[in-house]
1. Give 634, 638 a once-over and let me know the one that is more than 23 Å from residue 712 (Cβ to Cβ), outside the structural domain of residue 324 (by TED's automatic domain parsing) and surrounded by fewer than 14 Cβ atoms within 10 Å (Cβ to Cβ).
2. Do you know which residues across region 646-661 are small (Gly, Ala, Ser) and at pLDDT 95 or above?
3. Among (1) closer than 26 Å to residue 1081 by Cα; (2) in contact with an Asp or Glu (Cβ under 8 Å, 6 or more places away or on another chain); (3) touching a residue at least 40 places away in the same chain (Cβ under 8 Å), where does residue 978 come up short?
4. Could you look through region 815-836, keep only residues that are in contact with a strand residue (DSSP E or B) (Cβ under 8 Å, 6 or more places away or on another chain) and surrounded by 21 or more Cβ atoms within 10 Å (Cβ to Cβ), and pick out the one that is farthest from residue 872 (Cα to Cα)?
5. Can you pull out every residue in region 662-721 that is surrounded by fewer than 20 Cβ atoms within 10 Å (Cβ to Cβ), more than 20 Å from residue 595 (Cβ to Cβ) and β-branched (Val, Ile, Thr)?
6. When you check residue 1032 against the structure, is it part of a loop (DSSP other than H, G, I, E, B), over 30 Å from residue 846 (Cα atoms) and of a type in the set (Asp, Glu), yes or no?
7. Quick check, is residue 245 modelled with pLDDT under 95 and under 20 Å from residue 164 (Cα atoms)?
8. Among the residues of region 1044-1073, count how many are surrounded by 24 or more Cβ atoms within 10 Å (Cβ to Cβ) and part of a helix (DSSP H, G or I).
Amino acid sequence: MHRSFGHAVVISVFALIAALAPSARAGVVDLPRFPSISPDGSQIVFSWRGDLWKVSSDGGQGVRLTSHTATETHSAWSPDGSHIAFNSERLGANNIFIMRADGSGVRAVTDTDRPLTLSAFSHDGEHLLMHASMEGDVYRGSRPYRVSASGGPITRLHDAFGHSPSMSPDGSNLAFVRGESSSLRRHYRGPARRNIWVQNTSTGDFSQITEWEGNDDAPRFAGNALMLFLSDRENETVNLYAKQLGRTNPTARALTRFEGVDVHGFDVSRDGRMAVVAVWDALYTVDLTNDRAQPRKLNLTAPTDAGDDIALKNVSRDVTEAALSPDGKVMAYVAYGRIFVRSVDDNAPTRQVTRGHDRCADIAWAPCGTILYFSSDRDGTESIYRATVDATRSELIERVRSARNGQQEQAEESAPPDEDAPDETAPEENPEANDEDAENGENNAESDAPKRSRDDKGPHPAERWRDAVRFTIDPVVQQRTNDRRPVPAPDGKQLSFQRERGDIVILDLESGEERTFIESWSLWNEWRWSPDARWIAYTISDSNYNWEIYIAPSDGSGDHVNITMHPGRDASPRWSADGRILAFVSDRIEDSDVWLVFLDRTLERKTAAEMDAYFEEAKKQARRLSPLDPRKDDLGFDPGDAVELSLRDAYLRLRRVTSFPGSEGNLELMPAGDALLFSAAGGAGGDGGLFTIKWNGSDHSRIGPMGSVQHLSLDGSKATVIRGGRAQIMALPGGRSENVDLDATIRIDLADQASQMFHEAARRLGMTFYHPTMKDLDWDELTMRYHTLAIRSRTPDEFSWVANRFLGELNASHMGVNPPREGGAPVQAAGRLGIDKSPVDRGFRVDRVLEFGPADRGELALEAGDIITGVEFEPLAENETLTSRLRGTIGREITVTVLREGEEIDLLITPHSYGAEVNLRYDDWQRHNARLVDEWSGGRIGYLHIRSMGIPALYEFERDLYASAHAKDGLLIDVRNNGGGWTTDRILASIMAPVHAYTRARGDNDAGLDSYPQDRLFIQRYTRPVNMLCNENSFSNAEIISHAFKTLGRGTLVGEQTYGGVISTGGFRLIDGTTVREPFRGWYLLDGTDMENNGAIPDIIVPQTPEDESAERPYGLDRQLRIAVEDLLSRLDD
């Protein structure tokens, strides 16, 4: 497979040399995954480097079956061994394909925009079994499905939720797994654990086969009565087990006994004689006919290509940082973790400053412009380095010319004299002086040149960067700590940086001494030096996550003063050039706005005319700013007269500058302090982009589209901006932008890149993961162990698989490594009609039309019983699915031909998206539940469901609280299948509001003890009896509110224990765009119980069973809801 971690423009080296070297040496298969075994046990198929390979079950050299840029993973053999089905992303989403056993005749079986996971063939080979989440169910889980091996509609195997279906050889039993905990999460013990169930295909009855408190997974039949599966029930390790069906309380028997490393995949031959298991980096076979047989490791090799290890990537549109030099003549870039520079002159070449697979970031020019500081992890930790120019293009040219002239002079001296030439003998030189010069190694031309003093008026040393060709990299801060984000002081003599989580450290560049300016655990600290280098303004978070801005003397001689003093987020402090004004952003009034404060209180007393004069003079001074000169003893730095700052009362004198809808960011204050540059999600008129505005909030102007503002030039006449991965210089105040593109293609060693990415992820999580002891794991040892696997990965999918198994050792939620999408067709979404349907001859029967959906519109609506036979006047072909026919139709009116009572009718329908379909089904489910509660309670109890813990759902909660609970005696609040968010405390403010008074107007005979003016409340309140429903899919913030509801005794908690996944999470990106989630904050009950792995336990536990889910369509039998109603009614009666 020819792919790489790089996305965008990536060229495999193999593609360049394929014509000359179509194949290469045989290499060791070092990361085989997802094995499947032939029916007779003679051959094994596995996934490696994104393709499928086949090998003898005795081992040996594998044969490549597939070769495609898309990822291919799971496979399954047909019962007769003639065909192999497999998963691939060739059509965009993960679909199912089939090929002959030799790899020929590949064809698509499914064509859907929702990912499918292949499990097995049916017992007779007629169908393929799979699982997916594709119907927009409210329940957060998969369903098992089947599809004909020749293609066609995908249909449910049954109406219960579950995944990983497998059928017994005689077709009498269908095994599947219930429980949605990740198989990558080791040692999970909770309500979402995986257990194995079996359905009798004749009677439809369900039986639970395993009841282990951990995970039992991936059932496969080895005969009609023997089931094999994976379980972590012993030695805290996943092994292969066998269990007899049809016996009373049979004991599961271990077939493998690996310790510390899990079996992560297996398959069993149809004759039940042999199994193949995947463990760590190898495949093993297990002889099932011998009870004493030990797993036998297979030696696997396969032809490898150079292109599997190396990739070329053009990074010209991958700029993530840009910094214009202080003199405005050179642009520095970070692109794909490498540093580049080029002159801003037209057609100037790009030069690569750093090489190798370390990740460089945080570029910052020294004030003199001769040094470029940056951070890098080349030594295994984040350290700070500096780049300087070692040679320039003009210097190289001069050396070549000097060498050529010297050769010519030497040739002339050695030539025989011309006797006819006139005597032009030069004056005699002092041979002793020449000898001495030669011995000292001095160059005559240089020694004769005048010595350059430090106050030389010649070209500024920073000019060398304009045509630099070679660079010197030196460490500045290189310790065992993680040090990053270098910020040079304006005086050029000090360098501040961030150490570990949040400490800010100042380094004296002359003495090398360090001192800690602040100690902090916060990851989000930001700071700026004052222009005179006497002060530092910084943002820091306290334990309540209030972000405040402090100002303190940079030399540590005075107090740190909080100048914002507000329980919100104040960030991005920015100084004016004279240090008298500070701007920042704050969300103290809803969204983040731009604020400003006069640190010099005398400015408060100036008249409007005086302020205009002040700013005019400040502009003149700003235009005189220039880079420092390293040839001068003091670098030419003039701090000016010290300004007396009035800090203690600054928080009382803050001025709000903007009040646009949405949030502002990317803030920069013009050097004169008279205007600000910022981004706004919604500016005047609602158009987002980059804006300027005067200090007093007047004269705002949109000057360009949204972009990432990097910094301003010294005089404020330019801004460096990144848009679409390209660096731009934007002229101010007008906003005219000019691209300053780099031009570079880099060579990527995929093993080296995987090594860097893995170490970065491990290092960052080791520093920030919420648990102080990393769950008592030896993180360094685990890092080293899994690193040996990570460096074997060659595709993003392989890397993320290894990394997720590594993170799974933490047994923590809110984690995950998600790769960028690899090759394959783009996903073309299909339209949905808002119907339930069943395949019939000639089309699809409409079983139900969802209210308010696309098919429920006026005279042209679909009706239950209609047979859909065509789309856009084209009949549906045999085995064609409605999903494939509706690709690309979202929001576009189409004709749908139906057969209604024997007559063909053409209807006009506008399909909507899958997301809209999910919302439609959610609303229908909620209305269904509300009707049931009203019926069961005789109209006494209201019902509402909270879909998520975010602002849109909070608005719906307030709406539904009135609509559902008004004039009711009690209320059911449902947080089942709620994926979390952050609004628990706002909802508690509603349902836990204390009753201290009531109001009654004259003539209002309906007022009672709970009557209160709603306009006096932060949020609408509800004071009558309440019950709450939760289940194993209540996650994160939905668990916090479930815990709180029970802890505070507000009512009865009913349902299943919540998942046990409560951590606050952030995230970061690795060099190729892979995202890593980063849990940084734990949540605890007042007794110290960590909510992670300790879900809220209901007062009344009511399991949800397959029988209930299959009882009736569309939503099954909801016993949890019924019992919650009954309990609340009993309390109302009491």
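1. Within the list 634, 638, the selection yields 634.
2. 646, 650, listed by residue number.
3. Single failed check for residue 978: (2).
4. Only one residue fits best here, namely 815.
5. Once the filter is applied, which keeps residues that are surrounded by fewer than 20 Cβ atoms within 10 Å (Cβ to Cβ), more than 20 Å from residue 595 (Cβ to Cβ) and β-branched (Val, Ile, Thr), region 662-721 yields only 703.
6. yes
7. Yes: the conditions hold for residue 245.
8. 1
The values are calculated or read from the model by the stated rules, or taken from the named source; none is laboratory data. What you see is a predicted model; the values in this text were computed from it and never measured. No Cβ is skipped: glycine too gets one built from the backbone with ideal geometry, and neighbour counts run over all protein chains shown.
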